[in-house]
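One structure is given here, and the rest of the page talks about it.
Coordinate-derived values only; no laboratory data. In this text the structure is predicted, and so the values were computed from the model without any measurement. FYI the Cβ positions are ideal-geometry reconstructions off the backbone, even for glycines, and counts take in every protein chain you see.
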Amino acid sequence: MSLVAPRTTLAEPEPVLLLTAHGTRSPEGQRTVTGIAERLRRRRPDLRVELAYVDVQEPHVADSVAALTGAGLRVVVVPILLSLGYHVEVDIARAVAGRESACATGALGPDPILADILVRRAEGAGGGPGDALVVAAAGSSRERAQADVDALLDAVRCRWAGPVTVGYGSAASPTIADAVAAARDGSPRRVIAASYLIGPGHFADVIARAGADLTTRPLGTHPELLTLVERRYAEGLQRLARPL
């Protein structure tokens, strides 16, 4: 009888979900992002969820990817960003470049889930049929980012029984205040500024001062946003998969 114990193979751990946010000096905005991570950990206790940033806060995504992969872990970077702008195309892309054990997914938007959340937020704020909806986005000078917002607008228009336009906090036009004024334009209808943001911060303050009759909360920790993050993570797993 052989006394040699059978060899066992330990299952390789699931890749780390590295949530990557823009970063903000707003304490409430910071709590929103950590809240997303905390809720994901509760939903997926089997999964290691870490946070990184592309600006303002630390750790930077490049440092986190280097540390995790250096420890022998695989990593899926999921940007908590709403469009494909500089931070996704440059900062995050560089962080995973040349690393077989790391990949990055696309931004969260545009996605029909986000349009659903925006409409529900508007209804929850008291909006209804006939009200004008101004989707208030942060803004980017990159054409691809603006195209992503345009695609989001199309999805919102399919779900909202009233005029839908867009305003930007910076880098693109019209401004949010100008978009609100144009939506009003002598009409008796109410104007709702729909915050197309992850959390509070500078741009949320810009939206609050734009003069809308109603202003919605940012997307925040909405359960469907968490579902979208999980979907992006699953897409990343497919990218990391290797033939047996």
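Tell me, yes or no, whether region 36-44 has at least one residue that is in contact (Cβ under 8 Å) with a residue 60 or more places away in the chain, crowded, with 19+ Cβ neighbours inside 10 Å and either within 20 Å of Ile92 (Cα to Cα) or aromatic (Phe, Trp, Tyr) (or both). The answer is yes, given that some residue of region 36-44 is in contact (Cβ under 8 Å) with a residue 60 or more places away in the chain, crowded, with 19+ Cβ neighbours inside 10 Å and either within 20 Å of Ile92 (Cα to Cα) or aromatic (Phe, Trp, Tyr) (or both).
Within region 211-236, if we keep just the residues that are small (Gly, Ala, Ser) and crowded, with 21+ Cβ neighbours inside 10 Å, the residue that is nearest to the chain's Cα centre (by Cα) turns out to be Gly236.
Hey, can you tell me all the residues within region 131-147 that are under 21 Å from Asp178 (Cα atoms) and either within 16 Å of the chain's Cα centre (by Cα) or without any contact (Cβ under 8 Å) to a residue 60 or more places away in the chain (or both)? Selection gives Val135, Ala136, Ala137, Ala138, Gly139, Ser140, Ser141, Arg142, Glu143, Ala145, Gln146, Ala147.
Listed here are the residues, each with its yes/no results for (1) over 15 Å from Gln238 (Cβ atoms); (2) surrounded by fewer than 22 Cβ atoms within 10 Å (Cβ to Cβ); (3) without any contact (Cβ under 8 Å) to a residue 60 or more places away in the chain.
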position: Thr69; (1), (2), (3): yes, yes, yes
position: Val75; (1), (2), (3): no, no, no
position: His87; (1), (2), (3): yes, no, no
position: Ala97; (1), (2), (3): yes, yes, yes
position: Gly106; (1), (2), (3): no, yes, no
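Just checking, does region 125-134 include any residue being surrounded by 19 or more Cβ atoms within 10 Å (Cβ to Cβ) and either at positive phi or in contact with a Phe, Trp or Tyr (Cβ under 6 Å, 6 or more places away or on another chain) (or both)? Checked against the condition, which is being surrounded by 19 or more Cβ atoms within 10 Å (Cβ to Cβ) and either at positive phi or in contact with a Phe, Trp or Tyr (Cβ under 6 Å, 6 or more places away or on another chain) (or both), region 125-134 yields at least one hit.
Within region 177-206, the set of residues being surrounded by fewer than 23 Cβ atoms within 10 Å (Cβ to Cβ) and over 30 Å from Val78 (Cα atoms) comprises Ala177, Asp178, Ala181, Ala182, Arg184, Asp185, Gly186, Ser187, Pro188, Arg189, Arg190. Of the residues Glu28, Glu50, the single one that is surrounded by fewer than 22 Cβ atoms within 10 Å (Cβ to Cβ), outside any helix (DSSP H, G or I), under 17 Å from the mean Cα position of the chain (by Cα) and touching a residue at least 24 places away in the same chain (Cβ under 8 Å) is Glu50.
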